[in-house]
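What follows is one structure encoded as structure tokens, with my remarks underneath.
Read the figures in this text as sums done on the coordinates, not as results from a lab. Values in this document were obtained by computation on a predicted structure and should not be read as measured data. Here the Cβ positions follow ideal geometry from the backbone for every residue, glycine too, while neighbour counts run over all protein chains shown.
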Amino acid sequence: MPDAPGLELIAQGIDKGRAGTVIETSVEHDRATLVINPDGVLHALTWLRDTPEQGYRFLSSVHAADYLPATPRFAVHYELLSRERMERLHVKALLADPAAGDGSNGLSATEKLPELDSCVELFPTADFQEREAYDFFGIVFRGHPDLRRILMPEDYVGWPQRRDFPIGGEPVLFTHNEIETPRWFE
Amino acid sequence: MADELLRDEADITERGVAREAEDPAAPLVDAAEIAHQDLGGPGLEPEQEVLTINMGPHHPATHGVLRLIVTLQGERILDCKPIMGYLHTGIEKSCEDKSYWKVIPFVERMDYLSYFFQMEAFCGCVERLIELEIPDRAKYLRILHMELNRIHSHLVWLGTSALDLGAISMFWYCFRERDTILDLFEMSTGQRMHTRYFQVGGVFEDIPVGFERKLREFIDLMPGRIDQYEALLDRNEIFLHRTRNVGIVSRERLLDLGVTGPLLRAAGEPWDLRKSPGYLSYGDFDFKIPVGTIGDGYDRYRVRLQEMRESVRIIEQVLDGLPEGPFISDDRKYVLPPRDELSTSMEALIHHFKLVTEGYRVPPGELYYSIESPRGELGCFVLADGSSKPSRVHFRDPSFVNLQAFREMSVGGLIADLIQNLAMLDPIIGGVDR
């Protein structure tokens, strides 16, 4: 993990190439975090990967999280790793929900989804993991070569791991309740 | 460690040259293009026709419910697409509705062969979020069970993979030793699988009397057993023909694809998170990281066998150096008080009541914590919102990420090698689908 001054240097380096990319830096639980503007994801990741003295060339994990009711609502987390120095860096892109307040419940076909640039070109390992984030949170990765649902069925409607998606469940059919679910055999 | 792989020197050079001759950067055959040209055209030889077949999801050689859509030209694979999700049970979503201590039995059911690792990833992550130090004895006991679990996981892998390649007797031998390990788990934790043994703060119970003797019997026996496995497979003509020079992906490409664990080490990269600082007390032990040379199926097999030997060595050192003291932290805000205190201490009763009804609260924060599971980097991300239930639990499962390399291992090879590649990749579909 880079220490606090090191993290500031990283933030300055990223901002030099593209002003306003880094929103915030923090060091918590022995882990350095860069909070970045979603528009600058590719710039920040490219800089961290290709700057020789940084060399965060291994992407351990990409995952999304829903911070409802906070705004911006979503975040995509990139866990970078420099294998030479055994240092981890956590990059977090905050994403606002474009459908906030328009009353859509995540089920309509015309629903506006949050968008972010895909980093598959930089880190091929992000392929499945970005598909997973799309599948569960409805975050669209622009430029992803094959953005389809990965774990849920292809015809599934809704984004199941959003915080406002009900846990619920399908009623299991037994002989004692088949009358309540009429014509179940169709 | 390369010398430990007992390789024939001349053989390695010869294979190295053979590898260089193929240009690794050459683009893969575009299946769609060929399919377009060849589909149903008159006068085609049968071996030129393109055939798309569906393997699985219920194929015995897919180690679970993995579905593969394979495009073939004759016996050659032009394209291969894994389709997963048949075992998706929404564990991550369910965890959001459980208090922290109830999440533990959930997460260990993801990758059902490495349950101790899943528990360690989750408990370690929560411990770091609440900044709770665990006692030394708990660290040692955790390592003990995790290394036993690593042997167990590799044994199941070896048995089923050899079975896929036609060596049925291997399956019985491996499962014999696996059963001994499960007996040991039953003795120390009460359960053979899915033990819920690790707690936030330490482990659930100390090891019982007689466990050490049984375990020492086992680790004295195990190296000899591994020798027997090698004797069965290493000179087996069929096994060698089917694994050597099959499924090679270059080390750089594997790193790009995020592949970790034995697959990466077999390609010659000595990368193991157990050697990273601050991960339990692995620093106290002397063990080596086995690596392969070119990363074919045979290297993957050798690396895993050698890892079992190293795990046996670690267990031996754990038993020799097992420190005395508590096996769980005594922070009453997070850890249940001992049962005998409940009848004498009012405070213990209050703590017990609060911990069992609501559970402990974790201050707001988020953390990604990763450990080395038998299949690679297993990461756990926990987002805490200050309540007694996690707001998000995410597992970076190594099988899920490693599966991305499967297409590149298989394309251009024979369909029979597809089975071998999948076996040597060792995906656990429960972990892939979660």
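If you fit an axis through the alpha-carbon atoms of helix B:415-425 and take the longest principal axis of the Cα set of chain B, what angle between them do you get, 0 to 90°, nearest 10?
20 degrees
Angle, helix B:115-130 long axis vs. longest principal axis of chain B, Cα atoms, 0 to 90°, nearest 10?
The helix B:115-130 is inclined about 50 degrees to chain B.
Once the Cβ-Cβ distance between A:GLU8 and A:ALA96 is put in as r, and R0 is 25 Å, what FRET efficiency do you end up with, to the nearest 0.05? Could the numbers behind the result be given before it?
Details: r = 26 Å, r/R0 = 1.04.
FRET efficiency, A:GLU8 to A:ALA96: 0.45.
Length gain on complete extension for the stretch B:LEU51 to B:LEU232, per 0.36 nm per residue less the alpha carbon to alpha carbon distance? Kindly include the intermediate steps, with their values, before the conclusion.
Details: separation 181, 0.36 × 181 = 65.16 nm, distance 3.67 nm.
Result for the pair: 61.5 nm of gain on full extension.
Which value in deg cm²/dmol, rounded to the nearest 500, describes the helix-derived mean residue ellipticity at 222 nm for chain A, given -39,500 (n - 2.57) per DSSP H run of n ≥ 4 and division by the residue count? Mind showing how you got there, number by number?
Numbers: 3 runs with 36 residues, N = 186.
Estimated from H runs of four or more residues: -6000 deg cm²/dmol.
Stokes-Einstein at 20 °C, 1.002 mPa s, Kirkwood radius from Cα pairs: D for the range A:115-173 in µm² s⁻¹?
Details: Rh = 12.4 Å.
It diffuses with D of about 172 µm²/s by this estimate.
What value, in deg cm²/dmol to 500, does the helix sum -39500 (n - 2.57) over DSSP H runs of n ≥ 4 give at 222 nm once divided by the residues of chain B? Intermediate results must be reported in sequence, preceding the final value.
Working: 17 runs with 205 residues, N = 434.
Dividing the helical sum by the residues of chain B leaves -14500 deg cm²/dmol.
If you take the Cα Rg of chain A and divide it by 2.2 N^0.38 Å, with N the number of residues, what do you get? Could you put the intermediate results ahead of the total?
Working: Rg = 19.9 Å, N = 186, 2.2 N^0.38 = 16.0 Å.
The value comes to 1.24.
Over 17 Å, how big is the tail of the calculated P(r) for the range B:259-318, in percent of all Cα pairs? Display every interim value, and only then the final one.
On the way: 688 of 1770 pairs.
Of the Cα pairs, 39 percent sit more than 17 Å apart.
Percentage of Cα-Cα pair distances in the protein assembly as shown greater than 35 Å, rounded to whole percent? Write out the running numbers ahead of the final one.
Values: 83093 of 191890 pairs.
For the protein assembly as shown, the share of Cα pairs beyond 35 Å comes to 43 percent.
Would you mind pulling out the separation of the Cα centroids of the range A:72-103 and the range B:286-307, in Å?
Using only Cα atoms, the two centres lie 35 Å from each other.
Suppose we keep just the alpha-carbon trace of the range B:287-434; what are its Rg and Dmax in angstrom?
Just the Cα atoms of the range B:287-434 yield Rg and Dmax of 22.3, 71 Å.
For helix B:211-233, what angle does its Cα long axis make with the longest principal axis of chain B, in degrees from 0 to 90 and rounded to 10?
Roughly 0 degrees between the two axes.
For peptide B:360-368, how many partner chain Cβ atoms fall within 10 Å of a residue's Cβ, on average? If you can, show how the numbers build up before the last one.
Values: counts 0, 0, 0, 0, 0, 3, 10, 6, 9.
Mean number of neighbouring Cβ atoms from other chains: 3.
For the pair A:GLU28 and A:HIS176, how long in nm is the line joining their label points, each one 7 Å along Cα→Cβ?
4.7 nm
Give the Rg/Rh ratio for the range B:56-169, taking Rg as the radius of gyration of the Cα atoms and Rh as the Kirkwood radius, to two decimals. Walk me through the numbers before you get to the answer.
Values: Rg = 18.9 Å, Rh = 17.2 Å.
Ratio value, two decimals: 1.10.
Find, among the GluC sites (Glu not before Pro) in the range B:77-164, those assigned to loop by DSSP (not H, G, I, E, B) with at most 13 other beta-carbon atoms within 10 angstrom.
Details: sites: B:GLU92, B:GLU96, B:GLU108, B:GLU120, B:GLU127, B:GLU131, B:GLU133, B:GLU147; in loops: B:GLU96, B:GLU108, B:GLU131, B:GLU133.
Counting only loop positions with at most 13 other Cβ atoms within 10 Å, the GluC sites (Glu not before Pro) in the range B:77-164 are B:GLU131, B:GLU133.
Inside 10 Å of the C-beta atoms of A:87-100, what's the mean count of C-beta atoms belonging to other chains? The partial results should precede the final answer.
On the way: counts 0, 4, 0, 4, 0, 1, 0, 0, 0, 0, 0, 0, 0, 0.
The mean count of partner-chain Cβ atoms within 10 Å per residue comes to 1.
Equivalent-ellipsoid semi-axes (√(5λ), Cα gyration tensor) for the range A:1-50, whole Å, largest first? Before the final figure, lay out the partial values.
On the way: eigenvalues 62, 23, 19 Å².
The three semi-axes for the range A:1-50 are 18, 11, 10 Å.
Hand me the tally of lysine pairs in the protein assembly as shown: alpha carbons under 25 angstrom apart, and the pair either on different chains or 8 or more positions apart.
So the count of such lysine pairs works out to 23.
What nm distance separates the two modelled labels at B:LYS102 and A:ILE167, each placed 7 Å from Cα along Cα→Cβ?
Each label point is offset 7 Å from its Cα along the Cβ direction, giving 0.6 nm.
Which length gain, in nm to one decimal place, applies between B:SER345 and B:LYS333 when the Cα-Cα distance is subtracted from 0.36 nm times their residue separation? List each step's numbers first, then the result.
Working: separation 12, 0.36 × 12 = 4.32 nm, distance 1.51 nm.
Stretched out fully, the B:SER345 to B:LYS333 stretch lengthens by 2.8 nm.
Quick check: the distance between the Cα centres of the range B:385-434 and the range B:129-207, to the nearest angstrom?
20 Å
Once the dipole of the range B:296-434 is set up with Lys and Arg at +1 and Asp and Glu at -1 on Cβ about the Cα centre, which of B:GLY365, B:MET424, B:PRO323 lies farthest towards its positive end?
B:GLY365
If I take R0 = 60 Å and measure r between the Cβ atoms of B:LEU414 and B:ARG192 in this structure, what FRET efficiency does the formula 1/(1 + (r/R0)^6) give, to the nearest 0.05?
On the way: r = 39 Å, r/R0 = 0.64.
Efficiency for this residue pair is about 0.95.
Let me know the whole percent of all Cα-Cα pairs from chain B that are separated by more than 34 Å.
Values: 33848 of 93961 pairs.
Percentage above 34 Å: 36.
How high is the FRET efficiency from A:GLU121 to B:GLU252, r the C-beta distance, R0 25 Å, rounded to 0.05?
0.95
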